[in-house]
Amino acid sequence: MSTYLRISAHLLTCCVLAFVMLSCGGGDKPEKTDTDEASISTTGTLAAVQEMAKQVEENQKNGPVETVDFRKLKDMLPTEVASLPRKSASGEKNGAAGMTFSTATARYENADDSQNIELSVVDAGGTAMLMGMAAWSMIEVDKEDDNGYERTTKMGDHKAYEKYNKSDKSGETAVLVKNRFIVTAKGHGVEPEALKSALEALDLDKLADLK
């Protein structure tokens, strides 16, 4: 593994552990309740980071991977998700330290904005920063209490992450496609099924084939 990837793996292990700490509530010892069940596994976290680092290095063997034109990502954003019409859509491409990112985002809402979903697609080009942006893909999280839940799971063959708060009906669902694309649906005033529906409205198989 190259020096760059070894350093990235070390730094991103810290990112993953920080993600775990946040998932645990910032390091404070939570009060135990009869209804609270939580399980967070960090076993094999370093190995998972190193494995993804190897994948990133493989992706970069022939030089930096050109990210997809954000206009192509923007064109994939559906005109409606979970019965909510699209109100706006935007896209951009940014870069730093030889790494580029393409992003496309759309907002969906009802007439009084009491229900809304933001759907975004990021192409990280298989760079090392992908590991920081999708740290949840390298650990296992399974938490649930009376207020909601947080967990890592799968959507088809893709690694996924879900977080939901029942009190205000807010949450997010994200999926990692081809160790390159991150698709995220964040919503307020909606049921968790609506967030999954938003992701399913975007053709993940077609996204995986984009070049």
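The values are calculated or read from the model by the stated rules, or taken from the named source; none is laboratory data. Treat the numbers as computed from the prediction; the structure is a model and nothing was measured. Neighbour counts are summed over all protein chains in view; Cβ atoms, including those assigned to glycine, are modelled from backbone coordinates with ideal geometry.
For residue 163, work out the one condition from (1) free of Cβ contacts under 8 Å to residues at least 40 places away in the same chain; (2) surrounded by fewer than 17 Cβ atoms within 10 Å (Cβ to Cβ) it doesn't fulfil. Failing condition for residue 163: (2).
Considering only residues that are more than 28 Å from residue 170 (Cα to Cα) and aliphatic (A, V, I, L, M), look in the range 66-114 and name the one that is modelled with the lowest pLDDT. Checking each candidate, the answer is 97.
Among residues of the range 59-84 that are farther than 14 Å from residue 106 by Cβ, those with a beta-carbon under 7 Å from a residue that is modelled with pLDDT of 80 or more and acidic (Asp, Glu) at least six positions away or on a different chain give the pairs 67/123; 68/123. Among the candidates 207, 199, the residue that is of a type outside the set (Phe, Trp, Tyr), closer than 18 Å to residue 81 by Cβ, assigned to a helix (DSSP H, G or I) and touching a helix residue (DSSP H, G or I) at 6+ places or on another chain (Cβ under 7 Å) is uniquely 207. Has the range 141-158 got any residue that is farther than 27 Å from residue 75 by Cα and of a type in the set (A, V, I, L, M)? Within the range 141-158 (the criterion being farther than 27 Å from residue 75 by Cα and of a type in the set (A, V, I, L, M)), the answer is yes, since at least one residue qualifies.
Return the residues of the range 140-167 that are assigned to a loop (DSSP other than H, G, I, E, B) and touching a Gly at 6+ places or on another chain (Cβ under 9 Å); say none if nothing qualifies.
The initial filter retains those residues of the range 140-167 that are assigned to a loop (DSSP other than H, G, I, E, B), namely 146-147, 156-157, 166-167.
Of everything in the range 140-167, those that are assigned to a loop (DSSP other than H, G, I, E, B) and touching a Gly at 6+ places or on another chain (Cβ under 9 Å) turn out to be 166, 167.
Would you point out the residue of the range 173-201, among those that are more than 14 Å from the chain's Cα centre (by Cα) and aliphatic (A, V, I, L, M), that is surrounded by the fewest Cβ atoms within 10 Å (Cβ to Cβ)? Looking at residues that are more than 14 Å from the chain's Cα centre (by Cα) and aliphatic (A, V, I, L, M), I get 201.
Please verify whether residue 123 is of a type in the set (Asp, Glu) and surrounded by fewer than 18 Cβ atoms within 10 Å (Cβ to Cβ), treating the condition exactly as stated.
Numbers: of a type in the set (Asp, Glu): yes; surrounded by fewer than 18 Cβ atoms within 10 Å (Cβ to Cβ): no.
So residue 123 does not fit the description; no.
Of all positions in the range 118-131, at least one carries a residue that is within 29 Å of residue 211 (Cα to Cα) and charged (D, E, K, R).
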